[in-house]
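Data block below; observations after.
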Amino acid sequence: MALQHLTDDQIRTWSREQKDRWWLDNVFRGDMAQLTLRSGLVGFLLGGVLSATGLYIAAKTGITIGVGLTAVILAFAIFRVLATSGAVHDLTILENNCSQSIATAAGYVVTPLTSGMAAYMLITGIVVPWWQLMIWMVCISCIGVLLAFPMKRRFINEEQMPFPEGRACGVVLDTLYHGAEGQGMFQARLLARAAVLAAVFQALVSDGWMKLIQFKILQMDKWAGMTEPWTFHERLDQYYYDFATKVGGYIPTILGTDIRVLGLRLTLDLAMIGVGGLMGMAVAASCLLGGFINFAILAPIMIEHGDIVARTTASGQVVPISRAEIVNQWSMWWGVAMMVSGSMVGLLAKPELFTSAFKAFKKKDANAGPDVLAHIEVPLWISYVGVPVMSLIGAYITHLFFGVPMYLALLSLPLIFVLTVICTNAMALTSWTPTGALAKITQFTIGMIDRGNPASNLLPANMTSEIASNAANLLSDIKPGYMLGGKPRHQAMGHVIGLFAGVMSCVPLYFLLFLPKNADGVRTTEHIITEQFSMPGAIQWKGVAEIIASGFGGLPHSAIVAMAVAVVCAAAIEVARIVTKGRFPLSSVSIGLGVVLPPEATLAMFLGALLFFIMGKRHPKAGGREQTHGHKVWVEGLEPICAGLISGAALMGIGNALLNVLL
């Protein structure tokens, strides 16, 4: 069934009352089930699982992946199979949309755990109690929900703004339910096969799973004399190094430094291949370029010059040079400088994001006529009362839990509305939210007032950016519900259910994975950043906070020079992107991200992007209505395949980490 929409002329000339009456008469499906017990339960469970995979990927790459389409396909497939067997009735299209709304909201909640909050714990060494994390995250997420729904009336109902990512989700839902027979199950099978492949491979390279199977289940330590579990090497080059060690073979070095110390490894990571497929060639190639420049060129030079050295801890323990040490001692500074300056130039070069964001609010609501959707929309008084009340509560708990002076917490509150409007407009036009750049404005502004307390710049900036990001992303998620005729109040309730699902699943997982107890039974922050989890988002927030606190005096001269060069290069790259209208093949933010990511991860992401790029070229869209099987798999099925690779590998990787803690 073709999705109905207004023409450009109708959008431009009709009043909001006319648009709302048209939607109510032609699109609204008031008699169709939406937020039911089963759709709420499915969304809650999918949100918990998929937000955990999002936490895993963000900790490895600093990239937040959307889970909406994955939730749509999974919910569709689960109930279609159950309906075929006669166990239950199939989900309605609005029930499916409600499930994905809940799951998507769950995925948005967890970002602070791998960004500002993680940076706060790294800098202070304080492990924030789990209950404080939960309360703080729920509070700021609720503010985002409360802000989103009044803005829905302007950005979606009246302005009919596109929200490309949300619209794509609505089109996919419509296609699953009203498209070609079997198309939905075809995509579901692609996702399932990719997930199984990734899960099996991840189990074979995971010591925890192999320990469980070989020692706990098969008891091979007792009858086969095994002392260590057998696994495949995820790092494929390890087979060569094992052979070279035995025969005295060649070990490659750069300026005398073993390339393994530099992190230059060949790793088969199916999750990163899936992430690369979703990234596309330009972003993945930029990440690879940043990693190559840093680890293959600059890091060996800095090691040779003595700016990166093995260090000794206060307890006398020698910490050898490693990829993590290279990033923390030197590379982080120019990588963060490139990300921050590139995002700022990119933001300032789009003044329309600021101007058009506020144009919609110049019209007075009195001219809009009566609110014909008042009986199904979320009442405005809930937001008018809830936003200031919840904002004050958020400021107070930020002061109470983290020691941020109350006046600074309150000072950040006016920025919430401004950032939310800008981020929402950017999401509506481009599916991109400039929260990274805007957060740094808040971080520097408040940090200059109180330089001595890292919480003063980290937590208020994290709070404002996450509220703005949540509201903007949730509006994108509301878009498919509007397209399909969903009930706005049900969507609001679904979002609240989702944020609880994300917090309840990811905070306990965060403690198990990143804040485990030491031998003395005390939780420490020393495992937040590891070789497996590089936490690029936390590194960026931490780097800015340290610059605010101490300036540049404690940095090596070479790091300061590298930062200056990075700022100039980032500006030049962004200007080139502007002049070429986005055709310039590099991204300064992605280059900076490649600096703080493990180089083996950037290579795997590039290979994933390259694979889907090549297959897309080999299987172009056919001229007629019928598409070739290759096009259906590699082009139309790109997102299901990548989602399957990410989900399968991430869930098994999470399981492996938990097994290593528990066994």
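Every read-out reported here was derived from the displayed coordinates using simple, explicitly stated rules and does not represent laboratory data. Since the structure is predicted, the reported quantities are computational estimates derived from the model, not experimental observations. So basically every Cβ, Gly included, is an ideal-geometry build from the backbone, and we count neighbours across all protein chains shown.
Neighbour counting of Cβ atoms within 10 Å sorts the residues TRP381, TRP209, TRP130, TRP333, fewest neighbours leading, into TRP381, TRP130, TRP209, TRP333.
A crude spin-label estimate for the pair ARG451 and ALA572, with each label 7 Å from Cα along the Cβ direction, gives 3.2 nm.
What the phi angles of segment 283-291 give under the Karplus curve with 6.51, -1.76 and 1.60, with θ = phi - 60°, is a coupling list of 5, 5, 5, 5, 4, 5, 4, x, x Hz, glycine and proline written as x. Taking amide H as placed 1.01 Å from N in the peptide plane, THR267 has its amide H under 5 Å from the amide H of LEU236, each at least 5 places away in sequence or on another chain. Across segment 455-466, coupling constants 3J(HN,Hα) worked out from phi with the 6.51/-1.76/1.60 Karplus curve, θ = phi - 60°, read 5, 5, 9, 6, 6, x, 5, 5, 5, 5, 5, 6 Hz, and Gly and Pro carry x. Each peptide among 609-617, 38-46, 92-100 gets the average number of other Cβ atoms lying within 10 Å of its residues, and from highest to lowest they stand as 92-100, 38-46, 609-617.
Using the Cβ of GLY276 as centre and a radius below 15 Å, the other residues enclosed give a net charge of -2, where K and R count +1 and D and E count -1. Of the peptides 274-280, 596-602, 147-153, the ranking by mean beta-carbon count within 10 Å, highest at the top, reads 596-602, 274-280, 147-153. Between segment 386-412 and segment 437-501, how far is it from one alpha carbon centroid to the other, in angstrom? Comparing the Cα centres of segment 386-412 and segment 437-501, I get a distance of 15 Å. Cross-link reach is defined here as a Cα-Cα straight distance under 17 Å, omitting same-chain residues fewer than 8 places apart; for LYS216 the aspartates and glutamates meeting it are ASP207, GLU228. Taking each of LYS60/LYS621; LYS60/LYS517; LYS487/LYS632; LYS211/LYS517; LYS152/LYS487; LYS440/LYS517 in turn, the alpha-carbon distance tops 24 angstrom for LYS60/LYS621; LYS487/LYS632; LYS440/LYS517. A simple count of charges around TYR241, restricted to other residues whose Cβ falls under 13 Å of its Cβ and scoring Lys, Arg +1 and Asp, Glu -1, yields +1. The protection proxy used here, the mean number of other Cβ atoms lying within 10 Å of each residue, ranks peptides 293-301, 521-529 as follows, highest first: 293-301, 521-529. Residue exposure proxy: ASP90, ASP25, ordered by other Cβ atoms within 10 angstrom of their Cβ from fewest to most, comes out as ASP25, ASP90.
Look at GLU639, GLU304 and count the other Cβ atoms within 10 Å of each Cβ; fewest to most, that gives GLU304, GLU639. Taking the Cα centroid of segment 117-186 and of segment 592-654, what is the distance between the two, rounded to the nearest whole Å? Taking the Cα centre of each part, segment 117-186 and segment 592-654 sit 23 Å apart.
Once C-alpha pairs closer than 8 Å and six or more residues apart are averaged by separation and normalised to the residue number of segment 465-574, the relative contact order reads 9 percent. Listed by chain and number, the aspartates and glutamates placed with their C-alpha closer than 19 angstrom to that of LYS581 are GLU352; residues fewer than eight positions away on the same chain are left out. Taking amide hydrogens as placed 1.01 Å from N in the peptide plane, the amide H of ARG311 sits under 5 Å from those of VAL319, each at least 5 positions away in sequence or on another chain. The Cα-based radius of gyration and maximum Cα-Cα distance (Dmax) for the chain are 25.2, 84 Å.
The helix-only estimate of mean residue ellipticity at 222 nm for the chain, built from DSSP H runs of length n ≥ 4 each weighted as -39500 (n - 2.57), is -21500 deg cm²/dmol after division by the residue total. Remark: spin-label model distance THR253-GLU531 equals 2.0 nm, labels positioned 7 Å along the Cα→Cβ axis.
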